[in-house]
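Worksheet: one structure, shown below.
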Amino acid sequence: MKETPLSNCERRFLLRAIEEKKRLDGRQTYDYRNIKISFGTDYGCCIVELGKTRVLGQVSCELVSPKLNRATEGILFFNLELSQMAAPAFEPGRQSDLLVKLNRLLERCLRNSKCIDTESLCVVAGEKVWQIRVDLHLLNHDGNIIDAASIAAIVALCHFRRPDVSVQGDEVTLYTPEERDPVPLSIHHMPICVSFAFFRQGTYLLVDPNEREERVMDGLLVIAVNKHREICTIQSSGGIMLLKDQVLRCSKIAGVKVAEITELIQKALENDQKVRKEGGKFGFAESIANQRITAFKMEKAPIDTSDIEEKAEEIIAEAEPPPEVVSKPVLWTAGTAQIGEGVENSWGDIEDSEKEDEDEGGSDEAIILDSMKMDTGVEVSGTGSQDAPIVLSDSEEEEMIILEPDKNPKKIRTQTISAKTEKIPSKKQLKKRKKKRAAMLKLT
């Protein structure tokens with residue numbers, strides 16, 4: 001994934017702010033960002049935070065054969081990795097020009113400056129020496145990688161402890177930390193890189209540029225200095241021409257900044273060593289602030305429980321007594337009651353609506369009867385008096401309806417008769433049968 005370029009408006013805004021001696025994070029021209037150092041549970045593991053730029057440093061060691069031209073010196077190896085976790089622009093599995101430049105600068109700063117006594121890493125001349133490997137992982141990128149990486153590398157080396165060894169004849173015995181205390185490395189001095197960004201062809205200068213300032217800068221000057229103000233390495237990039245006075249001015253500023261950073265590193269190492277000796281808790285988990293949400297635990301506040309009963313009695317005595325007036329129940333409708341304030345009950349309204357629905361249902365049934373008489377053409381049987389009920393019958397219907405005067409019509413369900421069974425004879429058929437029987441009797 002390619003890096004998103006800055007727009008022209010952002011570029012002009014940043015350059016205008018730099019010309020007015022202002023920075024986006026509120027720092028002054030020569031101010032460094034806050035530096036935080038935290039150590040892991042193992043020796044030689046640390047995380048350095050330079051503002052939002054975070055670098056993890058890990059030191060390891062192993063016994064190897066020495067180089068042929070340096071049979072009595074140990075080997076130092078530095079490796080810096082830029083993963084996509086730090087920034088999406090970094091491509092995995094491919095060494096970019098930036099990564100190659102940073103690795104070379106680290107080797108020049110730490111190995112060529114002879115900050116570590118490599119001869120003390122020799123176990124058996126020409127056969128066994130210690131190889132010290134420093135792995136640096138960029139966790140988050142917010143500018144000035146080389147400064148954070150150099151601080152993490154030297155802190156990890158100062159914090160590292162190698163196993164103790166003994167040589168008896170041709171035998172080399174390696175002791176575990178339980179058998180013998182690990183041995184620290186012999187470090188002569190602590191070189192630290194300080195970066196200077198130049199703008200407008202060297203007219204303006206900033207110390208410790210962040211990621212956005214690095215995008216608009218014209219050139220970069222990196223000076224590695226120790227606390228004795230000895231320049232270990234110097235590198236200029238960007239193709240700008242710097243004057244002698246500018247380089248001398250930057251070297252003086254770097255000497256002051258490195259002295260402050262070295263003091264901070266020594267205090268952090270002393271505090272970690274003190275905690276480990278006293279048997280306290282240490283590691284990355286303990287370095288997280290307890291006030292954050294991501295903290296693993298919170299500090300318990302002491303609570304005095306000696307006079308809880310007395311305080312409870314005082315609170316009860318000072319509190320207002322409950323009201324003696326009890327609200328009376330309110331009867332809204334029959335069968336309901338309400339105590340206190342509330343919404344009016346609506347059950348009575350529901351019953352009234354059900355009655356209205358029943359009345360509407362009765363009128364609908366009368367209308368249905370009239371429509372049935374018109375559609376089916378049902379015959380009316382029986383010529384009795386007016387008080388006699390009128391029976392409407394239909395063989396195809398499943399219901400018989402009886403109409404009574406001055407009364408609502410009622411539905412009477414009757415059992416349906418299947419086609420196979422005999423039908424009930426009507427009055428005309430009965431009369432015909434009677435006539436046939438009477439004729440048969442006369443003939444006999």
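What's the local net charge at residue 181, with K and R +1, D and E -1, over the other residues with C-beta under 14 Å away? Mind dumping the intermediate values first?
Values: positive: 161, 162, 180, 276, 277; negative: 164, 178, 179.
Result for the local shell: +2.
Going highest first, how would you order 310-318, 17-25 by mean Cβ packing within 10 Å?
Those peptides, ordered most packed to least, come out 17-25, 310-318.
If I stretch the segment between residue 264 and residue 107 completely, what's the gain in nm (0.36 nm per residue apart, minus their alpha carbon distance), one decimal?
Working: separation 157, 0.36 × 157 = 56.52 nm, distance 2.31 nm.
Working it through step by step, the gained length comes to 54.2 nm.
Could you please report the charge total around residue 134, scoring K, R as +1 and D, E as -1 over all other residues with beta-carbon less than 15 angstrom from its beta-carbon?
Numbers: positive: 104, 108, 111, 133, 161, 162; negative: 42, 62, 81, 107, 135.
Taking every other residue near residue 134 into account, the sum is +1.
Kindly rank 191-197, 54-60 from highest to lowest mean number of other beta carbons found within 10 Å of each residue. Present the calculation step by step, with values, prior to reporting the outcome.
Details: 191-197: 25.4, 54-60: 21.4.
For the peptides 191-197, 54-60, the packing ranking is 191-197, 54-60.
Within the stretch 205-243, find all residues whose amide N lies under 11 Å from a label point positioned 7 Å from the Cα of residue 29 along Cα-to-beta-carbon.
205-207
What pairs in 114/227; 227/257; 22/252; 36/114; 227/274 have C-alpha atoms more than 20 Å from each other?
Values: 114/227 15 Å; 227/257 9 Å; 22/252 22 Å; 36/114 26 Å; 227/274 24 Å.
Correct reply: 22/252; 36/114; 227/274.
Could you tell me the calculated FRET efficiency between residue 181 and residue 95, based on Cβ-Cβ distance and R0 = 41 angstrom, to the nearest 0.05?
Details: r = 39 Å, r/R0 = 0.95.
According to the calculation, E is roughly 0.55.
How far is it, in nm, from the label point at residue 241 to the one at residue 117 when both lie 7 Å from their Cα along the line to the Cβ?
Between residue 241 and residue 117, the label points sit 4.8 nm apart.
Report the extension gain between residue 60 and residue 317 in nm, rounded to one decimal, defined as 0.36 nm multiplied by the number of residues separating them, less their alpha carbon distance. If you can, show how the numbers build up before the last one.
Details: separation 257, 0.36 × 257 = 92.52 nm, distance 6.89 nm.
Additional length available on full extension: 85.6 nm.
Given the peptides 40-52, 150-162, 199-211, 265-277, arrange them by the average over their residues of other C-beta atoms within 10 Å, most packed first. Before the final figure, lay out the partial values.
On the way: 40-52: 20.2, 150-162: 24.3, 199-211: 17.5, 265-277: 14.2.
Top of the packing list down: 150-162, 40-52, 199-211, 265-277.
May I ask you to compute the full-extension gain from residue 127 to residue 200, defined as 0.36 nm times their residue separation minus their alpha-carbon distance, rounded to one decimal in nm?
Values: separation 73, 0.36 × 73 = 26.28 nm, distance 5.53 nm.
Fully extending the segment from residue 127 to residue 200 adds 20.8 nm.
Quick note: the coordinates plus some simple rules give every number you see, no bench work behind them. In this text the structure is predicted, and so the values were computed from the model without any measurement. Because the Cβ atoms are built from the backbone with ideal geometry, glycine has one as well, and the counts that use them run over all protein chains shown.
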